[in-house]
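Below is one structure, written out as structure tokens, with a few remarks after it.
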Amino acid sequence: MSTQQAQPSGSPGRYQRSVVGLVTSLVVTVVAIVGMLYFMGAFRSDFEIEPEAVDYVETVQSAQQAGLTPIYPATLPKGWIATGVDVTPGDDPVFMVRMLTDDGKFAAVRQEDASATALLSQWVDENVEPADDYAVPSDVPAPVAREWEGYSDSGGDAAYVAEVGDETVLVFGSAPAKDLRALVDALVTTPVG
């Protein structure tokens, strides 16, 4: 025969619930999580995340095989990496290559059937100011465009725009203007072999 007494329904068991108990358990949980995060980070000397390079030339080749004529840098300056490529096929194709310079500054080339004003507003700043225009040097063989309009914004970004056929090409970023001009010089439409 059992000597245990049945608990009346609705009454607490041996564990007494209280606000102090709830707060104590929350504090213990937070301290454990903070301790775990500290322990995980204590053995890391560098919290910097290195961006991954992508093979933009492979994407250029695929775009060319699909009938597009992307404008892209034949080569990147030493230390630069391509970090992304966007291709939107269709009636109004878009092609864009995003890069980081050897100093970690952003640069990009965007090709789209849109006005220069629309591209500048969307990708650089709504309030860009005209800057020095750029003419590709005569020793650069067959540039995609010889004359480029220059722009800048109050945040230090620069941009160069040219009309190529029915499309607008925008070279822009936080990279110095001289780096963007070197990028302009490297642009080609050459089929990738």
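Computed quantities for the displayed model
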quantity: Accessible surface of the stretch 148-193 [probe 1.4 Å, protein heavy atoms]: carbon and sulfur percent; calculated: 48 percent
quantity: In degrees, nearest ten, helix 19-42 long axis to first principal axis of the chain (Cα); calculated: 40 degrees
quantity: Using θ = phi - 60° and Karplus 6.51 cos²θ - 1.76 cosθ + 1.60, couplings along the stretch 153-169 (whole Hz; Gly, Pro as x); calculated: 10, 6, x, x, 6, 10, 7, 10, 10, 8, 8, 10, x, 8, 10, 10, 10
quantity: 10 Å Cβ shell holding at most 11 others, DSSP loop, trypsin sites (Lys or Arg not before Pro): longest site-free stretch of the chain; calculated: 79-193
quantity: Volume per residue of the C-alpha convex hull in the chain, rounded to whole Å³; calculated: 315 Å³
quantity: GNM flexibility winner over the chain from Thr88, Thr29, Thr75 (Cα, springs under 10 Å); calculated: Thr29
quantity: Those chymotrypsin sites (Phe, Trp or Tyr not before Pro) in the stretch 54-141 that DSSP places in a loop and that have at most 16 other beta carbons within 10 Å; calculated: none
quantity: Rg/Rg_ref, the stretch 132-181, where Rg_ref = 2.2 N^0.38 Å and atoms are Cα; calculated: 1.15
quantity: Accessible solvent surface per residue of the chain, calculated while the other protein chains remain in place, 1.4 angstrom probe, Å²; calculated: 65 Å²
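The values are calculated or read from the model by the stated rules, or taken from the named source; none is laboratory data. For clarity, every value in this text was computed on a predicted model and none was experimentally measured. Glycine also receives a Cβ, built like all others from the backbone with ideal geometry; neighbour counts cover every protein chain displayed. Each accessible area value is taken on the protein alone, full model and side chains, heavy atoms only, with ligands, DNA and RNA left out. Shrake-Rupley method; radii C 1.70, N 1.55, O 1.52, S 1.80 Å.
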